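Down below is the structure, laid out as structure tokens.
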Amino acid sequence: MASTFAVAAPARALEDPLAHLPCSTLLEFRKGQIIYNHDQPSRNLYLVMEGSVKVSRVADDGHQVVVDIYQPNEFFGESALLSLPRRAEQASAMADAKLMMWTTAEIEDIVLRRPKLAVALLQVLVQRTVDFTQRIESFSCDNIARRLARSLIRFADRQSNRDAEGAMHMAPLTHELLSQYVGTSREIVTHYMNQFRKQGYLRYSRKGIVLYRDAMQDWLAQAA
């Protein structure tokens, strides 16, 4: 009897949204400046050109929860496409930032003329859903040290440069920000960051974080 083997489908090439979006309004924000919040709701989709942007929500107990940090060539503000009457989401510039902006009406009009833009944006949102699913899984299964390690690896994969020794150089991330991202206190994040530094998995200062990604990935595998 002939054996049947499952053959993995080849990875589909992703559409680039920027190939289908015309240049638009360019906005500048200073570090700490609010881009939108519940008092100033957004009806726009944004693209980070320079700098970085933090998107967060305020929990019922008043604590701030970081949804994500967006770097150059990343979109944010997609919740505007739903036209919800009230949104608890807030976006602020983590560093001086330049953003390109399209209104939701402009996006809808461009999609009608360039259907591949819809495919490209859908792929971006699906990838974002996959990332959020992995974070939810980590919240359910991992202790805080493992959640922090996974978060550092994720940020490194998205925003860092790897040097000749394999170390990944990231922009600085405060312990307060990391605590809001992994769901704990600043003091606990500081404790584990110090542990990771003593164990040789990273270095950090006000200038940035140097992560030895492969070593930390090995630690995650061993700690499972």
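Condition check for Ala80 on (1) exposed (fewer than 14 other Cβ atoms within 10 Å of the Cβ); (2) touching a Ser or Thr at 6+ places or on another chain (Cβ under 8 Å); (3) small (Gly, Ala, Ser): one failure, at (1).
When segment 13-28 is filtered for residues that are closer than 20 Å to Leu112 by Cα and either surrounded by fewer than 19 Cβ atoms within 10 Å (Cβ to Cβ) or of a type in the set (Ser, Thr, Tyr) (or both), the ones remaining, listed by number, are Leu14, Glu15, Asp16, Leu18, Ala19, His20, Pro22, Cys23, Ser24. What are the residues in segment 107-118 that are surrounded by 13 or more Cβ atoms within 10 Å (Cβ to Cβ) and not hydrophobic (A, V, I, L, M, F, W, C), if any? Matches in segment 107-118: Arg114, Lys116. Kindly state which strands (runs of 3 or more DSSP E) lie completely within segment 80-174 and contain at least 3 residues that are in contact with a helix residue (DSSP H, G or I) (Cβ under 9 Å, 6 or more places away or on another chain) and farther than 17 Å from Pro17 by Cβ. In segment 80-174, the matching strands (runs of 3 or more DSSP E) lie at 168-170.
The conditions of being more than 20 Å from the chain's Cα centre (by Cα) and not assigned by TED's automatic domain parsing to the domain that holds Glu74 are not met by Gly183. Only one entry in Leu99, Leu121 is surrounded by 19 or more Cβ atoms within 10 Å (Cβ to Cβ), modelled with pLDDT of 95 or more and either closer than 23 Å to Val53 by Cα or in contact with a strand residue (DSSP E or B) (Cβ under 9 Å, 6 or more places away or on another chain) (or both), namely Leu99. So, of the residues in segment 148-172 that are under 13 Å from the mean Cα position of the chain (by Cα) and aliphatic (A, V, I, L, M), which turns out to be surrounded by the fewest Cβ atoms within 10 Å (Cβ to Cβ)? If we take residues in segment 148-172 being under 13 Å from the mean Cα position of the chain (by Cα) and aliphatic (A, V, I, L, M), then Ile153 is surrounded by the fewest Cβ atoms within 10 Å (Cβ to Cβ). Collect the residues in segment 132-156 that are of a type outside the set (Val, Ile, Thr) and touching a residue at least 40 places away in the same chain (Cβ under 8 Å), keeping them in residue-number order. Of everything in segment 132-156, those that are of a type outside the set (Val, Ile, Thr) and touching a residue at least 40 places away in the same chain (Cβ under 8 Å) turn out to be Phe139, Ala145, Arg146, Leu148, Ala149, Arg150, Leu152, Phe155, Ala156.
Looking only at residues of segment 29-66 that are part of a strand (DSSP E or B) and basic (Lys, Arg), we find that the one that is surrounded by the fewest Cβ atoms within 10 Å (Cβ to Cβ) is Arg57. When the residues of segment 196-212 are narrowed to those that are among the hydrophobic types (A, V, I, L, M, F, W, C) and within 12 Å of Ala167 (Cα to Cα), which ends up surrounded by the fewest Cβ atoms within 10 Å (Cβ to Cβ)? Among them, the one singled out is Val210. In this structure, is Val130 among the β-branched types (Val, Ile, Thr) and in the same structural domain as Leu47 (by TED's automatic domain parsing)? Taking the combined requirement at face value, the residue satisfies it.
The values are calculated or read from the model by the stated rules, or taken from the named source; none is laboratory data. Computed from a predicted model, the values in this text were never measured in an experiment. Backbone-built Cβ (ideal geometry, glycine too); neighbour counts: all protein chains shown.
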